[in-house]
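Here the structure is laid out as structure tokens; the discussion comes afterwards.
Every number here is computed from the coordinates shown, using simple stated rules; none is lab data. Just so it is clear, the model here is predicted, and its values are computed rather than measured. Positions of Cβ are backbone-derived with ideal geometry, glycine not excepted, and every protein chain shown enters the neighbour counts.
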Amino acid sequence: MHQEVISVDSYEDLLRRPAFEGSLAFHPKAPRQFGSVIAPYTFLERIPCGIESCHTPHLSGYLITTSDGLETAIGSLCGRKYFGVSFQKERKRVDAEVARQKRLESIKLFLNGLPALLNSLEAFERDYRHLQEQRERLHGAVGREVYQDIRERAKRDNAIMQEYVRMSVSEAEAFFETNNRTRSDSKEWPTKAVILGTLRGLDFFKADVKALILTTLVIPVRELSMSRLSDIESMSSRQVAALAKWIGEVPQKLIEARAVIEAGRRFFTSENILSLVHLGADRRCILPMVESLRDTERREMIRIPD
Ligand SMILES: [Zn+2]
């Protein structure tokens, strides 16, 4: 099982340990052998390596035990040089354990902040459900074709709705001038794009909203909030690493979730939905949705003062 690795913060910490010796002779100079690694350390000032024949000053190294029950401090490189594979294996074990402990600390810190986070996630989920209802209602109101058009536009960041109309005679004259054409050539009369409107909040249709809000955020946080600390402490190092990594990503996930909710709010406004007639939506079919959005907008306008 997992063994807590002590933290060594200064050379004094080492000197206080009863079995600690500042300098020891090892095999082949003495019968003494390497035992095991107790803990890593990094100091601000150099200390001499505890191997008698080395004494090289170093900043970071390992507190180790010896075959005769003593302890000393050695540089990281010295361990490998003097004790070989047995040291490397021990070092790896302790480093992994220290990494695990650090991750567990960050997980505990996250767990402490969970009640507040769960509150904001509840609001996210409410917004998500509401926006999904709007999305379904929209789908029903505009029909499959216009709905697909909206999604395509989202993919291409194409918010501008426009149509092509025939140029006026004077516009066409200017066009012929600059395009090496004449009004009597057999090609079609030139057209120009006229902007009919701009869709707001299209990003809502670009994102996998369910994944952004529910699958990768609300659900795993809620599950985590139900697990006990002892469950987490008994997780494998790999699981702990994965959990700590995920926790590190939560702030970014919150930003993305907030952004997609904001986009949804910008999309589902009476004005925006009404402008979908420019994409071919039937005005009579979208009017009920536009009306109910207008009602909500009015209520929100009234609510602002208090
Ligand atoms: Zn050394």
task: Could you tally up the Lys pairs in the chain with alpha carbons closer than 25 Å? Skip any pair fewer than 8 positions apart unless they're on separate chains.
output: 20
- request: If a/c stays under 1.5 just call it rounded; otherwise compare a/b with b/c (prolate if a/b is bigger, oblate if not). Do that for segment 152-219, with a ≥ b ≥ c from the square roots of the Cα gyration tensor eigenvalues.
  value: prolate
- line: Amide H contacts under 5 Å for residue 162, restricted to residues at least 5 apart in sequence or on another chain and with H modeled in the peptide plane, are 196
query: P(r) for the chain: what percent of alpha-carbon pairs falls in each 20 Å bin, starting at zero?
result: 23, 29, 23, 18, 7, 0
field: All-pairs Cα distance distribution in segment 170-306, expressed in whole percent, bin size 5 Å
entry: 2, 8, 11, 10, 10, 9, 9, 8, 8, 8, 7, 4, 3, 2, 2, 1, 0, 0
message: Output the 0 to 90 degree angle, nearest 10, between the alpha-carbon long axis of helix 237-267 and the longest principal axis computed from the alpha carbons of the chain.
response: 20 degrees
statement: Once Lys and Arg are counted +1 and Asp and Glu -1 for all other residues with Cβ under 10 Å from that of residue 269, the total becomes +2
- prompt: Mean separation of Cα pairs under 8 Å and 6+ residues apart, divided by the residue count of the chain: what relative contact order is that in percent?
  reply: 15 percent
field: Gap separating the Cα centres of segment 263-297 and segment 7-46, nearest whole Å
entry: 73 Å
- prompt: Going by alpha carbons, how many degrees (0 to 90, nearest 10) lie between the helix axis of 169-179 and the longest principal axis of the chain?
  reply: 50 degrees
message: Explain nothing, just compute: Karplus ³J(HN,Hα) = 6.51 cos²θ - 1.76 cosθ + 1.60, θ = phi - 60°, for every residue of segment 63-73 in order, whole Hz, x for Gly and Pro.
response: 7, 10, 9, 10, 5, 9, x, 9, 9, 8, 10
query: Once the Cα gyration tensor of segment 11-111 is found, what semi-axes does its equivalent ellipsoid get, as square roots of 5 times the eigenvalues, in whole Å, sorted largest first?
result: 26, 15, 12
message: I need the semi-axes of the equivalent ellipsoid of segment 222-289: take the C-alpha gyration tensor, multiply each eigenvalue by 5, square-root it, list largest first in whole angstrom.
response: 46, 12, 9
query: How far is helix 84-112 tilted, in degrees, relative to the longest principal axis of the Cα atoms in the chain, given as a value from 0 to 90 rounded to the nearest 10?
result: 50 degrees
message: Could you check the spin-label model distance between residue 166 and residue 56? Points 7 Å from the Cα along Cα→Cβ, value in nm.
response: 8.8 nm
query: So if R0 is 45 Å, what FRET efficiency would residue 16 and residue 255 give, r being the distance between their Cβ atoms, rounded to the nearest 0.05?
result: 0.45
